[in-house]
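Each remark here refers to the structure printed beneath this line.
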Amino acid sequence: MKFLIADVDPAECLAIAVRIRELGYEVVSRVHDGKSLASQGLKHSPDFIICGVDLPKLDGISSSLQVKNVLKGLKIICTTVKDLTPYCHELYTEGINGFLYKDSSHQKLASAISTVARGNFYIDEPSGKRTIGYLTDPSPQINPSHAHPPSDPDRKDPLTLSPQQIIIVSALYNGKKRKEIQDILHIGLDGVNKAIKRLKEKCDVDSTAELIKLCSEKGVLDSKKTNNRL
């Protein structure tokens, strides 16, 4: 498989490239800004892009998705120092395939690549205590209204879902069958059924349609798209 690596830090970019080669893959290009990522991606047609979120000139999410609009089979893994779990729904639906925290990216890179290559979404788990950050200038594909910093004492979030639960609701909203959700999360069908049952119990609803509607109303899903689907 061919990889394109993008990171604002040349040393970090090189370190990821070295790790990719150690895993037996080809690195076709290393770049340090979003515009170069887009141009080199279209030039080299990689199978994977590993990119930092905060790239200059054009952010990593927007630039990598530009390439994916042309290369439909492209897999994208974002590296970040910020907490992207509040954005799992947007990342998943827009075409990002996973994210890694930069402080663990080298150790977990092999696992992330194999997970994404199987068609699943990879969510890195935070290591130790972490100061949660939020995208200060999110790309148009990422809607910050779906997440609020925990430091806001007046914020009352009546519906808090785990990253896995957000992906399940997102998949249901996009019309995915339970077997497809099983493949996305790489868990058994019984696990999917139990997870959906727990979601309904947590949200106090009886049907999938009610679950999607509630999540839309609470800001977990894009309400306009969801209402059009219901």
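What follows draws every value from the coordinates through simple rules; no lab data is involved. Worth saying up front: this structure is predicted, and the values here are computed from it rather than measured. Here Cβ is always computed from backbone atoms with ideal geometry, including for glycine, and neighbour counts include all displayed protein chains.
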By how many nm would the segment from Lys72 to Glu210 grow when fully extended, if each residue of separation counts as 0.36 nm and the alpha-carbon distance is taken off?
-> 46.4 nm
In nm, to one decimal, how far is the Ser111 label point from the Glu26 one, both placed 7 Å along Cα→Cβ?
-> 2.9 nm
Taking the Cβ of Lys194 as the centre, find all other residues whose Cβ is under 12 Å away and add up their charges (Lys, Arg: +1; Asp, Glu: -1).
-> +2
Here the Kirkwood hydrodynamic radius of the stretch 1-45, Cα-based and in Å, equals 10.4 Å
Distance in nm between pseudo-label sites at Ala15 and Lys176 (7 Å out along the Cβ direction from Cα) | 3.1 nm
From the square roots a ≥ b ≥ c of the eigenvalues of the alpha-carbon gyration tensor of the stretch 2-126, which class results: rounded (a/c under 1.5), prolate (a/b over b/c), or oblate?
-> rounded
